[in-house]
Structure formats: C-alpha cells, structure tokens
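The values are calculated or read from the model by the stated rules, or taken from the named source; none is laboratory data. For clarity, every value in this text was computed on a predicted model and none was experimentally measured. Glycine also receives a Cβ, built like all others from the backbone with ideal geometry; neighbour counts cover every protein chain displayed.
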Amino acid sequence: MNRQAKIFVNDIFAGILSEENNKYTLIYNDEYLRNDKYPSISLTLSKNQSKYQSNELFSFFRGLLQEGWLKELSERVLKIDSADEFALLTKNGHDCVGNVSIEEIS
C-alpha cells in the first residue's frame with residue numbers, strides 16, 4: 001500500500017512524504033526547493049537534496065508523534081495500530097508542535 005502526505009512549513013507546501021512497503025520517501029516540492037527564503041523542513045532533511053529515502057520513518061517526523069496517554073487515546077479513538085507511525089502522523093499532523101504541519105492525501 002502506498003500512502004502519502006503533504007508537508008507544510010509555515011503553511012507553505014514544502015513536499016510529499018510517502019510510505020510504501022515500510023519504506024519512506026520525502027520529496028521536496030520544486031518551487032519550495034528553489035526559493036532560498038524557505039527553510040528546510042528540518043536540519044536532518046535539508047534542502048541540499050530534493051529526495052530522501054529511509055527504511056524507517058525519518059527521525060524528525062517520529063519526533064512529532066504524540067506520546068503517552070495522548071497517543072493511546074488517538075490509537076483507541078481513531079482505531080490505529082500503535083506500530084503504524086505513518087497513520088499516527090497523518091491523522092494528528094495538522095496540529096504539530098512547531099512550524100510543520102502534515103495533511104494526509106486521500
């Protein structure tokens with residue numbers, strides 16, 4: 001299954017995060033990448049590259065996941081498996097700490 005989410009930085013579309021067969025890809029939006037005024041999504045996902053790949057969810061995005069009782073509540077209410085980090089991120093990513101937000105692509 002291929003799942004995707006739009007990544008926004010300061011409400012500006014920055015790129016697409018996708019998950020397929022437990023492999024993750026982040027691709028910066030070309031327009032965002034070319035604009036020197038726009039910051040990188042994170043220090044570990046700099047604009048030096050247009051595409052990043054990983055066998056696990058990028059640590060920056062993992063750091064945005066809810067924890068403790070709030071995570072347990074989300075899992076129960078939204079019926080999400082606790083191991084499904086991508087679903088947890090996309091279902092709750094509209095209200096992250098900081099300047100990044102995530103919007104699930106249906």
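If you filter the stretch 58-85 down to residues that are modelled with pLDDT of 90 or more and among the aromatic types (Phe, Trp, Tyr), you find that the one that is surrounded by the most Cβ atoms within 10 Å (Cβ to Cβ) is Phe61.
So that you can scan it fast, the table gives a plain yes or no per residue for (1) in a strand (DSSP E or B); (2) at pLDDT below 95:
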{"position": "Gln4", "(1), (2)": "yes, no"}
{"position": "Phe13", "(1), (2)": "yes, no"}
{"position": "Ile16", "(1), (2)": "yes, no"}
{"position": "Thr25", "(1), (2)": "yes, no"}
{"position": "Leu33", "(1), (2)": "no, no"}
{"position": "Ser40", "(1), (2)": "no, no"}
{"position": "Asn48", "(1), (2)": "no, yes"}
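In the set (1) closer than 15 Å to Lys6 by Cα; (2) out of contact with any strand residue (DSSP E or B) (no Cβ under 6 Å at 6 or more places or on another chain); (3) of a type outside the set (Lys, Arg), the condition left unmet by Gly93 is number (2). If you filter the stretch 26-57 down to residues that are hydroxyl-bearing (Ser, Thr, Tyr), within 18 Å of Gln4 (Cβ to Cβ) and in contact with a Phe, Trp or Tyr (Cβ under 8 Å, 6 or more places away or on another chain), you find that the one that is surrounded by the most Cβ atoms within 10 Å (Cβ to Cβ) is Tyr32.
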